[in-house]
Structure formats: structure tokens, C-alpha cells
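Reviewing the structure listed below.
Where a number appears in this text, it was derived from the coordinates with a stated rule and is not lab data. Given the structure is predicted, the values throughout are model-derived calculations rather than measurements. Heads up, the Cβs are rebuilt from the backbone with ideal geometry, glycines too, and the neighbour counts pull from every protein chain shown.
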Amino acid sequence: MTEQQRIDLPTGVTLNVATAGPEDAPPVILLHGFPESHRTWREIVPRLERDYRLIMPDQRGFAGSDKPHDLDAYRVDKLVADLLALAQALGPDKFALVGHDWGGAVAWAAAIRNGPHISKLAILNSPHPLIFQKTIIDDAKQRAASQYIRRFRETGMERHIRDMGMEAFFEKSFEPHVDLAAISEEERQAYIAEWSSDGALEGMLAWYRMSPIEVPAIDEAADYPDWVLSGVPDIHVPVKMIWGMQDKALLPCQLKGLEGLIDDLSIERIEDAGHFAVWEKPEPVAAALRDFL
């Protein structure tokens, strides 16, 4: 059974946090991505809650959590600080970390910083930042697939989405990735309600606008940014990649070259799933998480 509470953090935001599972079970923090909320894990919870304490926040800018107006509030260091502050507020000294999409970006950043509280890292369709940036520059197909990021960064995108209507935004968000018939009407309306709350679109899009990832236009000459040339630290905790191989936004090239950046890596490929494998194909995703955790 999932419970929700609002937790004030010393980072200056209050997060809406869903929890499930025994309080004394091994803790797992699960971070959702765009354009979702803690409900990303709706099909995973019943498959894992018997054995784990599942902690599932709405990240800042999303759903039931605070939505700061200042773009600077969405810098990656502040997103990682939310994660660590949440863990401290809820007590676990060590926790496993699971991230999907933008939640994976926060999880990668926390692990790259060698946070001592992270025992294991599971990533679902979220690219390692170094490989993502390199492939956006070097791989024509990935660069083309990433052009939506440029659009989300445009001034006035919130107004454009509101003008098209939330039903149309729902279809544009999910139709390229999943069979819309697989999403219940109840879930559809829950998404629309979350996106319609005050400041929600601004908060969600701020994640794109403040990301250090550079996305050149398709025909634009581009060099690696300085942070790529200087590299990033290796990751020393065990990492499990779970990847829906039909992902149209994050292509299979994201799985190449990881071995040189991660000490202990395993990859689970789900051939018949796309970007939202976490709820599109919950059984193999939950099985891979269970085996890893």
C-alpha cells in the first residue's frame, strides 16, 4: 500500500513523497523522469513492496512537490542535494538508488560524485551524461532524436503547450513511445491534472533549460564542451542498466562505452519495450530490479 506525505527539506523545497513497503526493509529511493511523478513506479510497487522500503518522491518542479520559479533552482547540484536531504530526512544511511529518464540523470550525477550513501545504482532508459553528450555531437541519429530538447528550451514553450491543450500534449508525449490504449483513462486524467497545476509546465521544462547537455542543431558544427574534455569520475558502486531497446529518444548507442566508466556494470535489454518500459513492461523490469537489489 502506497502512502504519501510532504517533507520539508533544508534545500528550500517541500517534496511530496510516496512510500511503500516495510519501514525496516532495505531502502530504495526511486526517481521519476519527465513528464511524470512518483506514479512512474505504479506497476513496480506491488512487485517489490514486500521486500523493500520504496521511497518515491515527486522531484522539485513536478506534480505535488514545490515548483520554484527561479531557473537557477533546477541546477543539477540542487537536484542531487534534494536526493541526499530526502535520504537524511527519512533516515537511511545507505540506500539503493533507481532512476528513470531525468530521475536517472540525477542518479548518475549523485553516483559520479561518489556519494557514500549510495550502495547500488539502477538506471532505466537514462544515458550516462558523458556518453549522451558525445553521441549528441557525433552520432547523427542521436542528434536528430534529441532535437526535442531544443524545442523544450524555447521561450514560450509553456504557452504553446497550454494553447494546444493538455489532451494533445498527452498524446504528443506518449504516442511515439507506447500504445496509448495501454494507459487507462484514470492515469490519463492524473497526468493532465498534474500538468495543469500552477507552475507545473514551467517547473518540468526548467529541467531541460538548466541541463548542461548541449544539443546542436542537426546541421550545426559542434565541438565537445569543456566538461566532456576534462572527463568525469568513474562510478565505483554496482550499476544495473535496464533498457527498453525500442526507445526512440535515447538510442542503443547509449549503451556503448559504459564499461570504461563503471567498475561493476550489468545490462538488461528489454527488446520489446520503449522509453517507458518501467510501466509498459513492468514484469521484466521488476524482475531485473529484484535480482539486482
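Here are the numbers:
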{"quantity": "Unmet requirement for residue 156, which otherwise passes all of (1) buried (at least 19 other Cβ atoms within 10 Å of the Cβ); (2) of a type outside the set (A, V, I, L, M, F, W, C); (3) more than 14 Å from residue 214 (Cα to Cα)", "calculated": "(1)"}
{"quantity": "Residue check, residue 244 touching a residue at least 12 places away in the same chain (Cβ under 8 Å), farther than 30 Å from residue 73 by Cα and of a type outside the set (A, V, I, L, M, F, W, C)", "calculated": "yes"}
{"quantity": "Which listed residue is over 28 Å from residue 46 (Cβ atoms), among the polar types (S, T, N, Q) and free of Cβ contacts under 8 Å to residues at least 60 places away in the same chain, from 266, 230, 211", "calculated": "230"}
{"quantity": "Residue match in the stretch 135-143 (condition: over 21 Å from residue 229 (Cβ atoms), touching a helix residue (DSSP H, G or I) at 6+ places or on another chain (Cβ under 9 Å) and loosely packed, with under 12 Cβ neighbours inside 10 Å)", "calculated": "yes"}
{"quantity": "Residue in the stretch 81-96 that is in contact with a strand residue (DSSP E or B) (Cβ under 8 Å, 6 or more places away or on another chain), of a type outside the set (Ser, Thr, Tyr) and part of a strand (DSSP E or B) present", "calculated": "yes"}
{"quantity": "All positions within the stretch 241-293 that are touching a helix residue (DSSP H, G or I) at 6+ places or on another chain (Cβ under 7 Å) and of a type in the set (Asp, Glu)", "calculated": "268, 280"}
{"quantity": "Any hit, the stretch 221-234, residues being within 30 Å of residue 156 (Cβ to Cβ), among the small types (Gly, Ala, Ser) and out of contact with any helix residue (DSSP H, G or I) (no Cβ under 9 Å at 6 or more places or on another chain)", "calculated": "yes"}
{"quantity": "Inter-residue pairs, beta-carbon under 6 Å, first closer than 19 Å to residue 45 by Cα and in the stretch 4-29, second aliphatic (A, V, I, L, M) and not in a strand (DSSP E or B), 6+ apart", "calculated": "20/45"}
{"quantity": "Qualifying residue in the stretch 56-65 (condition: in contact with a Pro (Cβ under 6 Å, 6 or more places away or on another chain), surrounded by 22 or more Cβ atoms within 10 Å (Cβ to Cβ) and touching a residue at least 40 places away in the same chain (Cβ under 8 Å))", "calculated": "no"}
{"quantity": "Yes/no for residue 168 being of a type in the set (A, V, I, L, M) and over 19 Å from the mean Cα position of the chain (by Cα)", "calculated": "yes"}
{"quantity": "Selection within the stretch 241-264 - buried (at least 16 other Cβ atoms within 10 Å of the Cβ), touching a strand residue (DSSP E or B) at 6+ places or on another chain (Cβ under 9 Å) and assigned to a loop (DSSP other than H, G, I, E, B)", "calculated": "246, 250, 261"}
{"quantity": "Qualifying residue in the stretch 46-66 (condition: in contact with a Phe, Trp or Tyr (Cβ under 6 Å, 6 or more places away or on another chain), over 25 Å from residue 277 (Cα atoms) and of a type in the set (A, V, I, L, M, F, W, C))", "calculated": "no"}
{"quantity": "Test: residue 72 is out of contact with any Phe, Trp or Tyr (no Cβ under 6 Å at 6 or more places or on another chain), within 30 Å of residue 166 (Cα to Cα), buried (at least 18 other Cβ atoms within 10 Å of the Cβ) and of a type in the set (Asp, Glu)", "calculated": "no"}
{"quantity": "Residue within the stretch 194-207 that is surrounded by 17 or more Cβ atoms within 10 Å (Cβ to Cβ) and either of a type in the set (Phe, Trp, Tyr) or at positive phi (or both) present", "calculated": "yes"}
{"quantity": "Hey, residue 214 in a loop (DSSP other than H, G, I, E, B), acidic (Asp, Glu) and within 26 Å of residue 147 (Cα to Cα) or not", "calculated": "yes"}
